Amino acid sequence: MTDVYPFNEIESKWQKLWEKNDLYRSVDFAGEKYYVLEMLPYPSGKLHMGHVRNYSIGDALARYQRMKGYNVLHPIGWDAFGLPAENAAIKHGIHPEKWTLDNIAYMKSQMRRLGFSYDWERELATCLPDYYRWNQWFFIQMFQNDLVYKKTAMVNWCDACQTVLANEQVVDGGCWRDGTPVIQKKLSQWYIRITRYAAELLADLEGLTDWPERVRVAQTNWIGRSEGANVLFAVDGTGVEIEIFTTRLDTIYGANAVFLSPAHPLVEQLLENHPRRPELARQIERMTNQVMADRTYQGTTKEGIFLERYAINPFNGERLPIWIANFILMGYGTGAIMAVPAHDQRDHEFSRKYQLPIRPVIQPPPDHPTAADDTLIYTGYGRLINSGLWTGLDSATAMDRMAEHAAANGFGKATVSYRIRDWGISRQRYWGTPIPIVYCDHCGTVPVPEAELPVLLPPLRKIDYRGGSPLLNIEEFVHAECPRCRRPARRETDTMDTFVDSSWYYLRYTNARLSGNPVEPEIVRYWFPVDIYIGGIEHATGHLIYTRFWWKMMRDLGLVTGAEPVNRLLTQGMVIKDGAKMSKSLGNIVDPDAIMKDFGADTTRLFILFASPPEKDLDWSGTDIKGCFRFLNRLYRIVRRQRRWIAAPPGPIPGPDILDERQSVLLRKTHRTIDKVSRDIDERLQFNTAIAACMELLNEMYTFEQGGIRTAHDQWVFRMVTKRLLLLAAPFVPHLAEELWHVIGEPGSVLLAEWPTADPDLLVEDSPLVEIPVMINGKLRDRILLPVEAEQEQAVADAAEIPKIRKLLQEKRIVNSVYVPGRIINFIVK
């Protein structure tokens, strides 16, 4: 017998048989469902260990739920549009479609080599017309429902990528793809009105109790609800009005200036006919780009540019200077605020720096430090001072009445503001979904008729960025016919943000070949919501917000039902090597192909699940993977050694009461292992501890084997343990479990066998016994062995039945029975 099990031979054999038998095909409406979803990969060329971890987690869970009797949907697809394919096309002179499809073919072969249990009949790639036509269809539905619009605005621009980025794609002032510093650029862009759903997106987070708290907090902060008021400040000497948002209307009498974001659309208007316009414009442009380095503006040095214009406070008529301030977010409120330095730390720092007046308008409590030190600020609520008619009111009452006053006089109102901004989806790239819009000089902006979808990406020989989007330079694409008047028109040449592709792909899995609609509502109702979604925490405020919005939009179109698409979210940790995330640039990549060559797919999967809890980062260890390999070899060897009689027809099942101590110990250990593995997966998704329990059970099997397997009861217990361990191991190491299942003569596939259940009676720990003195009227008469936790009633009854004690108690009246657990039993008699 070989010392190393033949993993290549075993894994290849069973992968072919599983595929031949269509083992993982999902059937609609076939019993109680369970939908396991992993975030679809970008076809970058090869799987990395982060992929292997993500998909091994999902695969183990899918196999486990299938064995528990669920009708499991476990699909996969490819997030196939995007920048890397375009860059590869430029670098290597090949079409991005060829680069993408070649990568898909190779990565798919790796997934098959790993034995993942995907239903390949549901596979999709977002770069194919039969998928992206529905992106275009959704765009048209939103266009018709006023959910998309086009406007000219300052946008986030990456020079390296030559395209616009959404706010969610700017990370620490840099591009989310390569870290290139992001600048501001004015462009005409298409936007989706995700802000219409802001309140619902926020409220429905409360129901996502099986999502990680940090994801819910991140989305809560990103959506950013604030209650306050909008107030109009007229610009002195002009017809312009600045609308500010404030959460502290009670402090408006303390305002000393109006601050605008450097990206505020009114800035250009305020600079018109300004004698210093060129100089101020240069300063503002520089500030606009600099502030991108800190998207939160926390810790930013307060900088300002005085526009030499003034706004009128509508409550008291005071002229306030208008400043551009680098810490004002265009993405929050209206992009304009009133500065109240006595009651806001940032305003205070700014005002001291630029020597602006500071006037308190909220009375702090007597014991507050500001009462004795006027260099400190008070940011809390209190009674108003120096506030005209509102002086003496408490903050809450004042804010309500002042908002009513503003509304009655037409210069403001109470409002709710959100930090989240509308989703800019225009991208100046070739390899994406064409936006289905035609521009006609006679008819205006016209959507492409649904019957003419998809608007196909045109073939090209070379990607050319001259003048903007590459599509702009393909004349046969640009020149079109207006769908309404049939006169010459121009196509939209931007493509859609690839986050559109990934916002609804998991719905398409329910029928990936459907031609007449994006989804079949009845099938969606059966499979949804997704029972568990597995992916990285980095998607918390991007993809995971977009996909929640998209579901709600589809609900409003009548395509889906329910508030949310995903019940449970698991955010797995990264794979770390040499103290850093694996990446090509750091040279610390571990190639899954090389690991599978040396150890096999099962060992690769087992290690990635065993090395760390799924939500934690995993430190790569060559030593630990060898330990996992040893475990599988030990399992293979012991089953092969004992296979003759394990595979023999079993005899009568002995009752636990006739098993000896050694047999009982192994039997109880087996059922406790079943219970632990089941609970670790069901309740906590802790595959590492579940695998550790299987390893412990194998150790017990070796100990039992060393003691000899001679009697029929020995054989029965060992046979039962072997079968149970193979069932428990099947979700983690399906190839070896399947091989050994057939080695011991079991019918069918272990992967379709019923998950074992633990016998509750065998989960009860044997209670240790203690010897207790039995007394009568304080005199020792005998001793008894009792469980440590024995209850008084049972302990006294058992002691009274001791022959010697029973004889001594005859014809006596028991006045009292004293029981001290683990210490004494004393009968008081007369």
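So what's the net charge close to V717: Lys and Arg +1, Asp and Glu -1, counting the other residues with Cβ under 13 Å from its Cβ?
Working: positive: R662, R668, K669, R710, R719, K723, R724; negative: D660, E661, E700, E705, D714.
Net local charge, V717 excluded: +2.
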Cross-link reach from K185 to lysines, straight Cα distance under 30 Å and at least 8 residues apart if same chain, gives K91, K150, K151, K302, K353, K462
Out of the total accessible area of the chain (probe 1.4 Å, heavy atoms of protein only), what percent is carbon and sulfur?
50 percent
Segment 674-830 - Rg over Rh from alpha carbon coordinates, Kirkwood radius
1.25
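Local charge sum around Y819 (other residues, Cβ-Cβ under 13 Å, Lys/Arg +1, Asp/Glu -1)?
Values: positive: R823; negative: E789, E791, E793, D798.
Summing Lys and Arg as +1 and Asp and Glu as -1 gives -3.
Going by average Cβ neighbours within 10 Å, how do the peptides 36-42, 265-271 rank, with the highest at the top?
Values: 36-42: 22.9, 265-271: 16.4.
By packing density, highest mean first, the sequence is 36-42, 265-271.
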Note the listed values (i) 51.7; (ii) 34.2; (iii) 45.0, then indicate which one is mean projected area of the Cα convex hull in nm² calculated from this particular structure.
(i)
Could you bin all the Cα-Cα distances of segment 622-762 into 10 Å bins starting at 0 and give me the percent of pairs in each, rounded to whole numbers?
11, 44, 37, 8, 0
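How many percent of DSSP beta bridges within the chain run antiparallel, rounded to 5? All intermediate terms of the calculation are to be shown ahead of the outcome.
Details: 74 of 96 bridges.
Roughly 75 percent of the DSSP beta bridges within the chain come out antiparallel.
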Within segment 769-829, percent of DSSP bridges classed antiparallel, to nearest 5
80 percent
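What percent does the relative contact order of the chain come to when contacts are Cα pairs within less than 8 Å and at least six residues apart? Write down the numbers at each step before the final one.
Numbers: 1427 pairs, mean separation 115.0, N = 830.
Relative contact order comes out at 14 percent.
How would you rank 212-221, 187-196, highest first, on the average number of other Cβ atoms within 10 Å across their residues? Each step should come with its number before you reach the end.
On the way: 212-221: 14.7, 187-196: 18.7.
Ranked by mean Cβ neighbours within 10 Å, highest first: 187-196, 212-221.
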Using a 10 Å cut-off on Cβ atoms, rank the peptides 734-745, 600-611 from the highest mean neighbour count down.
600-611, 734-745
So what is the calculated 222 nm ellipticity per residue for the chain, using -39500 (n - 2.57) for each DSSP H run with n of 4 or more, over all residues, to the nearest 500 deg cm²/dmol?
-11000 deg cm²/dmol
Residues with amide H under 5 Å from that of L569, placed H, sequence gap 5 or more
W211, Y533
With θ set to phi - 60° and the Karplus curve 6.51 cos²θ - 1.76 cosθ + 1.60, what are the ³J(HN,Hα) couplings of segment 136-143 in order, to the nearest whole Hz, using x for Gly and Pro?
5, 4, 5, 4, 5, 4, 5, 4
In Å², and per residue, what accessible area does the chain have when probed at 1.4 Å with the other protein chains present?
44 Å²
The answer for the net charge of residues other than R508 whose Cβ lies under 11 angstrom from its Cβ, with Lys and Arg +1 and Asp and Glu -1, is -2
Once phi for every residue in segment 772-784 is put through the Karplus expression 6.51 cos²θ - 1.76 cosθ + 1.60 (θ = phi - 60°), the whole-Hz ³J(HN,Hα) values, with Gly and Pro written as x, are 10, x, 10, 10, 10, 6, x, 9, 5, 10, 5, 9, 9
Per-residue ³J(HN,Hα) for segment 343-357, Karplus 6.51 cos²θ - 1.76 cosθ + 1.60, θ = phi - 60°, Hz, x for Gly and Pro
9, 8, 5, 5, 4, 5, 4, 4, 5, 5, 5, 9, 6, 8, x
Computed on Cα atoms, the radius of gyration and Dmax of segment 769-829 in angstrom are 10.4, 31
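The values are calculated or read from the model by the stated rules, or taken from the named source; none is laboratory data. Please read these numbers as outputs of a predicted model, since none were measured by experiment. Please note: Cβ atoms are built from the backbone with ideal geometry, for glycine as well, and neighbour counts cover all protein chains shown. Calculation scope for accessible area: heavy atoms of the full protein, side chains included, ligands and nucleic acids excluded. Shrake-Rupley method; radii C 1.70, N 1.55, O 1.52, S 1.80 Å.
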